[in-house]
Amino acid sequence: MARLDLDPLVRLGDLAARWRDAHREGGRHLETVPALFAAATEDVDAEEARAWRTKDGVAARVMRAAPSPRLEAFLDGGRRHPSLAAAAPQKLTDAIDAVVVAARTCEGAAKEAESALDAFIATCSLEGGTPPPSPPQKSETRDVGASNPSPPAATGGHWMDAVPTAVLFTRVPWGDPPHRTIEEWLWLCTAVVESLGEEAAVKRGAADYLSQLPGVGEDGEETEAEPLTREKLQGCAEVWGMEPFIDRDLFNTLANAGK
């Protein structure tokens, strides 16, 4: 059996690590967006802000004990320094830009992972040989398992059937724990790559909402962008952090394999 080219597998591990880094960076910025949005857009309720004057709370007692015009102005301003409101719009813009960049990075990693998975499957299916530079011309269909098997789409079989048994049982000295078989890596990588594709759509939706890009209705026509609200921004941050489509154990196995 020819030597297996494991570069596509290593590439998949690198792409998973890139996704993780972008996900964390985007989440760090997205967590600040709801509060920055409120600071940039919401006016302070003057009556509510000055309610401390009519209550015998800590603020009122401090002011009686040590009157301070600056502290008084701070309390009357809703306990929010004027500089915070002044800087909030730019900070909000910067945070949104960072989230959008992170989302696009995740999308790119997901697409590259699809190509890397195809290459990994191809090299395993060719008994470790290097896939030809260009796809061969369409030929007659062969039975799965025959020499030089046809693509699964042509044979009606699963692509795994085209991987020789000897290759499937080959153990790879890579990852933690090491010595998983090619079959285990094929199934694991397939599950992770499929989940990244699903999750990339979620991140794209969050980025489009933050960017106020128009959406697409069920009929395929463009719809108006939804207005930003603090509640929806908080929802975006929660969904981003959960990554509901990703199996964390499988993903971390791949992302940490190259360490």
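Just so it is clear, none of the values below were taken in a lab; they were calculated from the coordinates. Computed from a predicted model, the values in this text were never measured in an experiment. With ideal geometry, Cβ positions are generated from the backbone for all residues, glycine too; neighbour counts draw on all protein chains shown.
For the reader, a short list of remarks on this structure follows.
- Backbone HN-Hα couplings from phi across region 173-183 [Karplus 6.51/-1.76/1.60, Hz, Gly and Pro as x]: x, 8, x, 9, x, x, 6, 5, 7, 4, 4
- Distance (nanometres) between label positions extended 7 Å along Cα→Cβ at Glu183 and Arg104: 4.3
- Sequence-ordered 3J(HN,Hα) estimates for region 186-194 from the Karplus curve with 6.51, -1.76 and 1.60 and θ = phi - 60° stand at 4, 5, 4, 5, 4, 5, 5, 5, 4 Hz, glycine and proline given as x.
- Too-long pairs where the Cα-Cα distance tops 26 Å, listed order kept, from Lys91/Lys232; Lys91/Lys111; Lys91/Lys259; Lys232/Lys259: Lys91/Lys111; Lys91/Lys259; Lys232/Lys259
- Packing, as the average of other Cβ atoms within 10 Å across residues, places the peptides 174-187, 5-18 in the order 5-18, 174-187, highest first.
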